[in-house]
1. Which one of these is open to solvent by less than 10 Å² (accessible area, probe 1.4 Å), farther than 24 Å from residue 319 by Cα and without any contact (Cβ under 8 Å) to a residue 60 or more places away in the chain: 167, 163, 112, 107?
2. Looking at the range 267-283, is at least one residue modelled with pLDDT of 95 or more and over 23 Å from residue 69 (Cα atoms)?
3. For the condition hydrophobic (A, V, I, L, M, F, W, C), open to solvent by less than 30 Å² (accessible area, probe 1.4 Å) and either in a strand (DSSP E or B) or more than 29 Å from residue 240 (Cβ to Cβ) (or both), what is the one hit in 138, 92, 134?
4. For the range 60-85, give me each residue that is over 10 Å from residue 98 (Cα atoms) and either at pLDDT below 95 or in a loop (DSSP other than H, G, I, E, B) (or both).
5. Which of the following residues is open to solvent by 40 Å² or more (accessible area, probe 1.4 Å), of a type in the set (Gly, Ala, Ser) and over 20 Å from the mean Cα position of the chain (by Cα): 80, 191, 118?
6. Answer yes or no: is there a residue in the range 304-320 that is open to solvent by less than 30 Å² (accessible area, probe 1.4 Å), over 26 Å from residue 25 (Cα atoms) and not in a helix (DSSP H, G or I).
7. Which residue out of 328, 250 is among the aliphatic types (A, V, I, L, M), in contact (Cβ under 8 Å) with a residue 12 or more places away in the chain and in contact with a strand residue (DSSP E or B) (Cβ under 9 Å, 6 or more places away or on another chain)?
8. Please go through the range 144-160 and give me each residue that is open to solvent by 40 Å² or more (accessible area, probe 1.4 Å) and either among the small types (Gly, Ala, Ser) or touching a helix residue (DSSP H, G or I) at 6+ places or on another chain (Cβ under 8 Å) (or both), ordered by number.
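The values are calculated or read from the model by the stated rules, or taken from the named source; none is laboratory data. Note that the coordinates shown come from a computational prediction; the quantities given were computed from them, not determined experimentally. So basically every Cβ, Gly included, is an ideal-geometry build from the backbone, and we count neighbours across all protein chains shown. Quick note on the areas: whole protein, heavy atoms, side chains included, nothing else; ligands and nucleic acids left out. Shrake-Rupley method; radii C 1.70, N 1.55, O 1.52, S 1.80 Å.
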Amino acid sequence: MTGLPQTMKAVAIREPGGPDVLELREIGTPEPGQGEILIRVEAAGVNRPDTIQRMGLYPPPPGAPETPGLEVAGEIAATGPGVTRWKAGDRVCALVGGGGYAEYCLAHEAHALPVPKGLSAIEAAALPETFFTVWTNVFERGALKAGETFLVHGGTSGIGTTAIQLAVAHGARVIATAGSAEKCAACERLGAEAVNYREKDFVAEVKKLTGGRGADVILDMVGGDYIPRNIQASAPDARIVSIAFLNGPVAEVNFMPVMLKRLTLTGSTLRPRSIEEKAALARALEVKIWPLIEAGRVKPLVDSVFPLAEAAKAHALMEGSSHIGKIVLTI
């Protein structure tokens, strides 16, 4: 690759463990293969799966780099054989299978999107992982419609702040759970009604706010004891979508209410899905969501920005759960 360095700086996981096992190393600069683009990374989003990978509990899929990082934004430095849409110099953000915490990162051309007009690289790097996740789970699997009530747990996480905004933009009523008065106020600024789960039982509050009916769609990343409580908080014909299990994936569930209320219990993961499935999600976002971003109706909420060399600090902040919105690394 003419004009590109042979090596680059990237974050490595020395061994499974806490944030301090992340270290900056010099590794070979990757070369784009068939259908791939090489992005000169300006910013990379930090996500909960990165911290789980660091602990040794979420290995990258076959063929993906060991370097963590699932979303990046920057400028295309080179294109591989067969790439038709993009050229060197184009500014993009992309969903990647790994490798984002680095100076250069490979992406499949179909998983890249143009940086929305008016957004910085830092803001654009906060888009792919969360927006792909929210779109596929809330609007495809959850089939949220205008006029319905949407309950999202972890309302101030990257996923939560995105889900609130997209649901409001699509005409839904949103209830969000959060763990402090400050976090509840942040959810309310985005258009949600907030419930402080440390002070009130979210099941009772959702019932009260909906006149006893419950929520039509629930997005849950907590799991554990929230699984049966989500069933209690749901409306007839509701869809409950699980995307993570901070409190564990196992729960004892009475399925009688599932039958009586005709509930749908579903969920998904994003990283292992096929190239074609992720490409379809990218196309849907560009058509249906990018115009909302460019119109200023939806915007990624960035809490904190760290240089690449301070990835350990970014992970410590993520695990402390005090942030509101996304955490981003800059290169």
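1. When all the criteria are applied, what remains is 167.
2. No, every residue in the range 267-283 fails to be modelled with pLDDT of 95 or more and over 23 Å from residue 69 (Cα atoms).
3. Of the residues listed, the single one that is hydrophobic (A, V, I, L, M, F, W, C), open to solvent by less than 30 Å² (accessible area, probe 1.4 Å) and either in a strand (DSSP E or B) or more than 29 Å from residue 240 (Cβ to Cβ) (or both) is 92.
4. Correct list: 62, 80, 81, 82, 83, 84, 85.
5. None of the others qualify; the one that does is 118.
6. No, because not a single residue in the range 304-320 is open to solvent by less than 30 Å² (accessible area, probe 1.4 Å), over 26 Å from residue 25 (Cα atoms) and not in a helix (DSSP H, G or I).
7. None of the others qualify; the one that does is 328.
8. 146, 147, listed by residue number.
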